[in-house]
Each structure stands twice: as structure tokens, then as C-alpha cells.
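*Asks:* Submitted below is the structure of interest, expressed as C-alpha cells.
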Amino acid sequence: SITLEEVAAVAHLSVFHFARQFKETVGTPPHQYVIARRVKRAEQLLRPETDLPLAQIAALSGFSDQSQFSHHFKRIIGVPPGQFRRTARIA
């Protein structure tokens, strides 16, 4: 788990300046970028070839618990992880 302070220090910028530059360059704040990358990783782990429990997928994707994982997954993808998995199996 890397902190914003550590990344900003490597870039030789203040935390505020790094976050501002990051958002300007990438189009999203660093925290939202990390959440989106975690959801993308979870999306891969929910594919039909894997049969991992949702709690394990949440942990492997970097979420602190399954509830946080489900909340962010639904917010970004539009459906809960369980429904996404069922739909992926049908397709």
C-alpha cells in the first residue's frame, strides 16, 4: 500500500502539487485512479475461468473488505460484482 506522500516525494513535489498535476495529466484524482485500477483488476478476476469467492477477489484487488469492493464496483461498472460474474458466465 503506497501513500500519496511517498509518490509525491519520488516526484520531488508537494502532495498538493502532485495531486493537482496528476489530475491535470490523467484526468482523475490519484485516489479515484487507484480505485478504478482496483475495479479493473477485480473485473479480470470475476471472469468465468476463475471461481474465487468475492471476499478473496476484494482482497486480491486491494480493497479493505468486500463491502467497499462491492460499493466501488457497482458505482464504476453499474452492476454488483455477483451480477457481473453471473452475466459473464452466461455470455
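The values are calculated or read from the model by the stated rules, or taken from the named source; none is laboratory data. Here the structure is a predicted model, which means the values were calculated and not measured. All Cβ positions, glycine included, derive from the backbone under ideal geometry; neighbour counts span all protein chains shown. To get the accessible areas, we keep the full protein, side chains included, count just its heavy atoms, and leave off ligands, DNA and RNA. Shrake-Rupley method; radii C 1.70, N 1.55, O 1.52, S 1.80 Å.
*Asks:* Consider region 69-82. How many of its residues are open to solvent by less than 80 Å² (accessible area, probe 1.4 Å) and either outside any helix (DSSP H, G or I) or under 20 Å from D51 (Cα atoms) (or both)? Spell out the reasoning first.
*Replies:* First, pick out the residues of region 69-82 that are open to solvent by less than 80 Å² (accessible area, probe 1.4 Å): 69-70, 72-73, 76-82.
Narrowing the set further to residues that are either outside any helix (DSSP H, G or I) or under 20 Å from D51 (Cα atoms) (or both) leaves 69-70, 73, 77-82.
Total satisfying the criteria: 9.
*Asks:* Return the total of residues in region 62-77 being charged (D, E, K, R) and touching a Phe, Trp or Tyr at 6+ places or on another chain (Cβ under 7 Å). Steps first, please.
*Replies:* First pass over region 62-77, keeping only residues charged (D, E, K, R): 65, 74-75.
Still in the running and touching a Phe, Trp or Tyr at 6+ places or on another chain (Cβ under 7 Å): none.
The qualifying residues number 0.
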